[in-house]
């Protein structure tokens, strides 16, 4: 079963004092098109120092007051776990991203960092219902740790996972994990800046009838007017057919459409079910 509404979720990633000015400008650019709710992915102990914490906190307080959502986005946003030798791991944790903090953590360490993040949010007086791993990468240890907490949702690059209404210790129902590859820009190199808007357009067309389209913005995007204009045009176009909402709101909508299923499988990785083992590795699902 799918939600009756077609949804659009726009998120701003890597929110921290060091990136606050760029994140604020991203939100301002989107709201020049439409005053829509945003999801801010906040990193409690971001690996880059600098910035004005008080300014960020005041800004995020204001965003909450206007109906935005704050989401836990890792702890440091830096992958410091020992590197594996397989080509797949070398690609994901080297070429694709060096900031996939939860890509290879053991369960206990992943749980420790999740708890630190939740405690930090509580100290700010901020509600939190979702967790998005940095670079959308989570290893099996992190998936197991995530099940200990009452998060309402998480996301990988290719899927949105509503976690059974946030019931701790229960894996997500497969019906609550719609395929929804994120529209995202590669701002770090010239070829990426040329190709990624085209890829985003193709993905959006491919997902025209999907229940959810996600647009994920990162601080470097704001440095390139072409990317910013493309994001604005994409939001304007998608709003013609879709309802803008936070990720938490979409999780509630999705959960409300699927009857309770207490007997569904509970696994470390929700894509590891049945006799055929499929991984959603944060880049693409492979079976």
> Inside region 17-37, can you point out the residues that are touching a helix residue (DSSP H, G or I) at 6+ places or on another chain (Cβ under 6 Å) and either in a loop (DSSP other than H, G, I, E, B) or more than 29 Å from residue 243 (Cβ to Cβ) (or both)?
Replying inline: 17
>> So if I check each of 98, 90, which one is over 29 Å from residue 34 (Cα atoms), modelled with pLDDT under 85, under 18 Å from the mean Cα position of the chain (by Cα) and surrounded by fewer than 17 Cβ atoms within 10 Å (Cβ to Cβ)?
In response: 98
> Can you find a residue in region 72-86 that is in contact with a strand residue (DSSP E or B) (Cβ under 6 Å, 6 or more places away or on another chain), crowded, with 23+ Cβ neighbours inside 10 Å, over 23 Å from residue 200 (Cα atoms) and at pLDDT 95 or above?
Replying inline: yes
>> Whether any residue in region 127-141 is under 22 Å from residue 110 (Cβ atoms) and assigned to a strand (DSSP E or B) is what I want to check.
In response: yes
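Taking only region 38-52 into account, find how many residues are more than 16 Å from residue 236 (Cβ to Cβ), surrounded by 19 or more Cβ atoms within 10 Å (Cβ to Cβ) and at pLDDT 95 or above.
Let us first name the residues in region 38-52 that are more than 16 Å from residue 236 (Cβ to Cβ), namely 39-52.
Subsequent filtering for residues that are surrounded by 19 or more Cβ atoms within 10 Å (Cβ to Cβ) retains 39-44, 46.
Then keep just the ones that are at pLDDT 95 or above; that gives 39-44.
Qualifying residue count for the region: 6.
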> All but one of (1) at pLDDT below 90; (2) part of a loop (DSSP other than H, G, I, E, B); (3) more than 26 Å from residue 28 (Cβ to Cβ) hold for residue 188; which doesn't?
Replying inline: (3)
> Does region 1-16 hold any residues that are assigned to a loop (DSSP other than H, G, I, E, B) and crowded, with 17+ Cβ neighbours inside 10 Å, and which are they?
Replying inline: 3, 6, 16
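The values are calculated or read from the model by the stated rules, or taken from the named source; none is laboratory data. Quantities reported herein were computed from a predicted structural model and do not represent experimental measurements. Note: ideal-geometry Cβ built from the backbone for every residue, glycine included; neighbour counts use all protein chains shown.
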